[in-house]
Amino acid sequence: MTSTEPAEDTRTELDAVLSAAVELARTAAREVGGEHVGEHAGSRAEPASDGAYVVTHAFASTLPGYVGWHWAVTLGRVDDDEQVTVDEVVLLPGDTALLAPAWVPWDERVQPGDLSPGDLLPPRADDPRLVPAYVDSDDPAVETVAFELGLGREFVMSRDGRLDSAERWYAGGRGPDSPMARQAPAHCGTCGFFLSLAGSLAAGFGVCGNEVTDSDGAVVSVEYGCGAHSGVAAESTKLTEAPELVWDDGDEITVNEVSPEPHPEVTEPAVESEGAADAPVPQHDGVAAEAEQETGD
């Protein structure tokens, strides 16, 4: 620690007697820190009343786990008295010391999802999101509640509270910039399952009532959307066209178009009469040759 400029109510210079009492300050530091008191790191003047002098000496700390800390020994004396007294000895963090995070009040540490069944989380006394129900508001729904004085709610959301909610919902997972909304065929504002909110938020938000979606019962933006929109229609496939006929003879595949011409009429065979047995029977060339061969045999 080096010398610093004193405040307005302190002396302009370090007291020479107190500045020279380094060994006295070291002895006092070792009574508290033992062998973990290191080299002298400087001194500075502290605020003091008229007729008094106060100086703090700093010694490096070698205590494990306290890197960047120092022992601060405060000495004092009064005018016309050379006797130096030890006021206090403390261990203080320096600019490079590792410190615990700054204290955050409990009502500021609570995050969405921290509330469990049975937990109680009262609002702050000065919560800007809530106003008494009888306060004038620009929200018609709030004005309606004003007539319920003594019977209705004690508090309603203020304009700031509604704006905070609207910004959070719009930027959340069910807003227009979400991946689901960018792939949707239409917006929730045009969906039959969309249940609009009341009051000033009705123009921008509602609740999804489609049980097949993961947004069922959740607040959604009118610009949000998903694939379960009420206007989605299924496309039907035509089955009237006949497929092509494929003949496979083992060597190659031959595709024949279906002939639109009707099949030739089938005639009844002639009734066999006398002498018909002697009439020659028409046969395929190959069949006739085989028949002649058998006759010759």
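None of the figures in this text is laboratory data; all of them are computed from the coordinates on show. Since the structure is predicted, the reported quantities are computational estimates derived from the model, not experimental observations. Here Cβ is always computed from backbone atoms with ideal geometry, including for glycine, and neighbour counts include all displayed protein chains.
Rounded to the nearest 0.05, what FRET efficiency is calculated for E13 and V67 with R0 set to 25 Å and r the Cβ-Cβ distance? Provide the component values of the computation, followed by the final result.
On the way: r = 32 Å, r/R0 = 1.30.
Efficiency at R0 = 25 Å is approximately 0.15.
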Two-site label geometry, L163 and V22: point separation in nm, points 7 Å out along Cα→Cβ: 6.0 nm
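So how do 159-167, 79-87 stack up, highest first, on mean other-Cβ count within 10 Å? It would help to have the intermediate numbers written out before the result.
Working: 159-167: 15.0, 79-87: 11.0.
Highest mean packing first, the order is 159-167, 79-87.
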7 Å from Cα along Cα→Cβ at both Q83 and V232: what's the point-to-point distance in nm? 9.1 nm
Taking 7 Å along the Cα-to-C-beta vector as the label spot, tell me the V32-Q183 distance in nanometres, rounded to one decimal. 6.4 nm
Once R0 is set to 35 Å, what does the formula 1/(1 + (r/R0)^6) return for the Cβ-Cβ distance between D214 and A125, expressed as a FRET efficiency to the nearest 0.05? 0.40
Starting from the amide H of A218, placed 1.01 Å from N in the peptide plane, find each other amide H under 5 Å away whose residue is 5 or more places distant or on another chain. C208
Taking amide hydrogens as modeled 1.01 Å from N in the peptide plane, which residues meet the under 5 Å criterion relative to G42, leaving out close sequence neighbours? A58
For region 197-218 and region 168-195, distance of Cα centres in Å: 10 Å
Phi-based couplings in Hz for region 97-110 (Karplus 6.51, -1.76, 1.60; Gly and Pro marked x): 6, 7, 10, 5, x, 4, 5, 10, x, 4, 6, 9, 8, 5
